[in-house]
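One structure is given here, and the rest of the page talks about it.
Only the coordinates and a few stated rules stand behind these numbers; no lab work does. Remember, it's a predicted structure, so these values are computed and weren't measured experimentally. Using ideal geometry, Cβ is built from the backbone for each residue, glycine included, and neighbour counts are taken over all protein chains shown.
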Amino acid sequence: MKTPEGTKHYFVDEAGDTTLFNARGVAIVGNEGVSRTFMVGVADVPNPAASRTALDALRAALLADPYFKGVPSMSPEGGKTALCFHAKDDLPEVRREVFKLLPTLGVKVQVAIRRKADLVSKARILHSTGQRLGPSEIYDDLVKRLFKDRLHLGESHEVCFARRGKSDRQEALTTALGRAKENFRMKWKANADLPLSIRASVPSSDVGLQIIDYYLWALQRLIERDEDRYFAAVADQFSLIMDLNDQRIKKYGRWYTAKDPLTLEKKKPLTS
């Protein structure tokens, strides 16, 4: 194990949705507006203040560019790029500049992916026994997996989650991180009781959430649309991608690392 150094700054967000069925209990995975995967990612941002300075400077330069004059998403009233970067809302020209900047920030990203066709099967099995597979269970399981070996790397740890809906779910997420710490202790027979702070925020307040949003957007385009040009721009910063439902080789899923990176050729095709 590495010797802890300094404070680790982690920023957590999601891509896709956890919708599996409609109101009549019919599976709707892959229907219009419903994603085929759900993923949670964590960005290890070594210097959030420096990253904030760099991204703010880029946004200011773009907003001052006459080329973007009159573009709704670039106006303060639009509440989009003028406020913060968000890959889904940003213009292609803006995304290109952000993707050029991201590799200079020293960020490392880990992501856990669930294929929702498999979640549908699991939900039906649980339903037959009187149990339920809810959004919180799916989300918190991925959080636990992502942080299993990450809460001992610093002398202290700050975890910032993107606020979801009207609740920041801090209590549930604290429980998920507690399970991750316990799993680490059991695995290594070591103390993982290092200082940990957890908070929920929004991208306009925490630049790390803008960063993880971009990485997840690029990965989702690869996984769901077989479009890898965005992912290729930042692929080197993904230290781990866990495709948990690709069990062609291992029961625990397919794990991609820096030594064995994810590519279109290696990816298991989506079935629905």
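Brief remarks on what is shown
- Taking other C-beta atoms within 10 angstrom as a stand-in for reagent exposure, LEU264, LEU91 fall in the order LEU264, LEU91, fewest first.
- Annotation for region 16-100: GluC sites (Glu not before Pro) lying in DSSP loop with at most 11 further Cβ atoms inside 10 Å of their Cβ are GLU32.
- Every helix of 4 or more DSSP H residues in the chain counts as -39500 (n - 2.57), and over all residues that averages to -11500 deg cm²/dmol at 222 nm.
- Calculated from backbone phi, Karplus (6.51, -1.76, 1.60) coupling profile of region 45-55 in Hz, x at Gly/Pro: 9, x, 9, x, 5, 5, 5, 4, 4, 5, 6
- Rounded to the nearest Hz, the phi-derived 3J(HN,Hα) couplings of region 112-125 under the Karplus curve 6.51 cos²θ - 1.76 cosθ + 1.60 (θ = phi - 60°) are 10, 10, 10, 8, 6, 4, 6, 5, 4, 4, 5, 4, 5, 5, where x marks glycine and proline.
- Residue exposure sequence - THR129, THR37 - by fewest surrounding Cβ within 10 Å: THR129, THR37
- Loop chymotrypsin sites (Phe, Trp or Tyr not before Pro), region 196-272, which have at most 14 other Cβ atoms in a 10 Å radius of their Cβ (DSSP): TYR252
- Applying both filters, DSSP loop and at most 12 other Cβ atoms within 10 Å, to the trypsin sites (Lys or Arg not before Pro) of region 1-101 gives LYS2, ARG24, LYS69, LYS88.
- Calculated from backbone phi, Karplus (6.51, -1.76, 1.60) coupling profile of region 19-33 in Hz, x at Gly/Pro: 5, 10, 10, 8, 5, 8, x, 8, 5, 10, 4, x, 5, 3, x
- Amide H contacts of ALA200: PHE161, each under 5 Å away and 5 or more positions distant or on a separate chain (H built 1.01 Å from N in the peptide plane; Pro and chain starts excluded).
- Measuring against 30 Å, Cα to Cα, the residue pairs LYS88/LYS108; LYS116/LYS266; LYS88/LYS266; LYS8/LYS266 contain LYS8/LYS266 as the ones spanning a longer distance.
- Whether region 7-257 is rounded, prolate or oblate, judged on the alpha carbon gyration tensor where a/c under 1.5 counts as rounded: oblate
- Column: log10 I(q)/I(0), Debye, Cα scatterers of region 105-167, q = 0.18 Å⁻¹: -0.86
- Cβ-based exposure ranking for LEU177, LEU101, in which fewest neighbours within 10 Å come first: LEU101, LEU177
- The amide H of ASP246, built 1.01 Å from its N in the peptide plane, has ARG254 as neighbours under 5 Å, considering only residues 5 or more places off or on other chains.
- Length added when fully stretched, GLU32-LYS148, from 0.36 nm per residue minus Cα-Cα: 38.3 nm
- Global geometry of region 29-156, whether rounded, prolate or oblate, following the gyration tensor of its Cα atoms and the 1.5 cut on a/c: oblate
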